[in-house]
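Below is one structure, written out as structure tokens; comments come after it.
The values are calculated or read from the model by the stated rules, or taken from the named source; none is laboratory data. Given the structure is predicted, the values throughout are model-derived calculations rather than measurements. Note: ideal-geometry Cβ built from the backbone for every residue, glycine included; neighbour counts use all protein chains shown.
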Amino acid sequence: MAASLRFGTFVRERRRYLGISREDLARRTQWSRATIEKIEQSTRPPTVDTLMALFDALLIPTMYREQLFSLMYPGAIQEMYGPLPDEPFPSDLIDLGSYPYPAAFLKLPEADVIATSPSWPLTLPGLVAGSNLIEWVFTDPDAPEILADWETYALGLAHNMHITGATLFAPGRYETIAAVCAASPEWDRLLAKEFPAHSVLNETLRINAPSFGAEETYLIRIDRPEFPRRPWFTYRLVPKPLAQAA
């Protein structure tokens, strides 16, 4: 029941964020308004088919769908893949270090940095293993200088937290990150700005890294390790000329 309650809260908040009514969501899913109401009130747990339809209707980013599925069906992912490690194995770190450009293991949606490639801290000084990407963007005094697109990037991060809500975060992490970021005067200002509901982050990121002495443009790539399965994402910054050539 607790999982159903959390999911119902997420559906209601996500629907409101999109600015649609229960009737609108019912039309998108081809269900009745009563069914939507029962799901939001957690009196009717969604089936697997229901989940897939809701994900599409609510424009849930692909990277978060598995987490929502796990919320409704605890243990299902572990049954599929077996126990997942809490920390990277040495082989995982070797793999991460093989990238010639900035890369890191991130836990999402929290954006906690688990490990980084050698070039990552040279590109994003201060954003080290054990830190948090969202907190760094809003509280590190050098972040606005390093990120040429700071406003756009920060706006995406703030609204990403808003649309996922505390439902997908580890217990207490949403509140902790929000409290840290609230110390920045930009936090409330950016949350008040409009942002496309279907967007999460921009694909392009311009960086003025101190080690470069010049602006570099990167394409953001976020991948989930599938074999072997891992509970984190690989967040890569691919130099745009290289990405275009590929």
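Considering segment 208-222 alone, what residues qualify as being part of a strand (DSSP E or B) and either exposed (fewer than 11 other Cβ atoms within 10 Å of the Cβ) or not aromatic (Phe, Trp, Tyr) (or both)?
208, 215, 216, 217, 219, 220, 221, 222
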TODO: Check segment 30-42 and report whether any residue there is within 24 Å of the chain's Cα centre (by Cα), without any contact (Cβ under 8 Å) to a residue 12 or more places away in the chain, more than 30 Å from residue 119 (Cα to Cα) and not assigned by TED's automatic domain parsing to the domain that holds residue 113.
DONE: no
- [ ] Could you please give the count of residues in segment 129-167 that are assigned to a helix (DSSP H, G or I) and closer than 30 Å to residue 58 by Cα?
- [x] 23
- [ ] Hey, could you check segment 25-45 for residues that are within 24 Å of residue 161 (Cβ to Cβ) and either surrounded by fewer than 16 Cβ atoms within 10 Å (Cβ to Cβ) or in contact with a Gly (Cβ under 9 Å, 6 or more places away or on another chain) (or both) and say which is modelled with the lowest pLDDT?
- [x] 42
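Yes or no, residue by residue, for (1) out of contact with any strand residue (DSSP E or B) (no Cβ under 8 Å at 6 or more places or on another chain); (2) within 14 Å of residue 233 (Cβ to Cβ); (3) at pLDDT 95 or above; (4) in the same structural domain as residue 222 (by TED's automatic domain parsing):
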| site | (1), (2), (3), (4) |
| --- | --- |
| 95 | yes, yes, yes, yes |
| 100 | yes, no, no, yes |
| 104 | no, yes, yes, yes |
| 112 | no, yes, yes, yes |
| 131 | no, no, yes, yes |
| 134 | yes, no, yes, yes |
| 137 | no, no, yes, yes |
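Return yes or no: is residue 173 over 25 Å from residue 210 (Cβ atoms), surrounded by fewer than 19 Cβ atoms within 10 Å (Cβ to Cβ) and in contact with an Asp or Glu (Cβ under 9 Å, 6 or more places away or on another chain)?
When the stated conditions are applied, residue 173 passes them.
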